[in-house]
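Take a look at the structure below.
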Amino acid sequence: TTQEIDELKKEGVVKSSIKGKVTDILVEVGDEVMVGDALVDLEAMKMHTHIICEVDGKVADILVEPGDAVDVGDTLVMVTVRR
């Protein structure tokens, strides 16, 4: 549900919004990130899309690497939320 998705975003769970291939990881574990920062670049049908951070915090884990195929809803990055 939309409410569940909003809760995950608040907890720093960054999920894919599209089906595609990971072309680049734009952050490293330990990086400080802010709302609006690009975290991952995905390619679908020759179009590149940046997956954007929706919380302020620190990158805790990166669960994908370049070349990985991802589906809508797959978890890409975990961010420890700054409270």
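Derivation of every value follows stated rules applied to the coordinates shown; laboratory data play no part. Note that the structure is a prediction, hence the values are computed from the model and not measured. Reconstructed Cβ throughout: ideal geometry from the backbone, glycine too, with neighbour counts over all protein chains shown.
Observations on the structure shown:
- Extended-chain gain in nm, criterion 0.36 nm per residue less alpha-carbon gap, Ala60 and Met34: 8.0 nm
- Listed peptides 64-75, 39-50, 16-27 appear in the order 16-27, 39-50, 64-75 once ranked by packing, highest mean of other Cβ atoms within 10 Å at the front.
- Placing a label point 7 Å from the Cα of Met45 along the Cα-to-Cβ direction, the residues of segment 51-74 whose backbone N falls under 18 Å from that point are 51, 70-73.
- Charge sum, other residues only, whose C-beta stays under 12 Å from Val33's C-beta, Lys/Arg counted +1 and Asp/Glu -1: -4
- The chain: mean projected area of Cα convex hull, nm²: 5.0
- 222 nm mean residue ellipticity, helices alone, for the chain (DSSP H n ≥ 4; -39,500 (n - 2.57); rounded to 500): -3000 deg cm²/dmol
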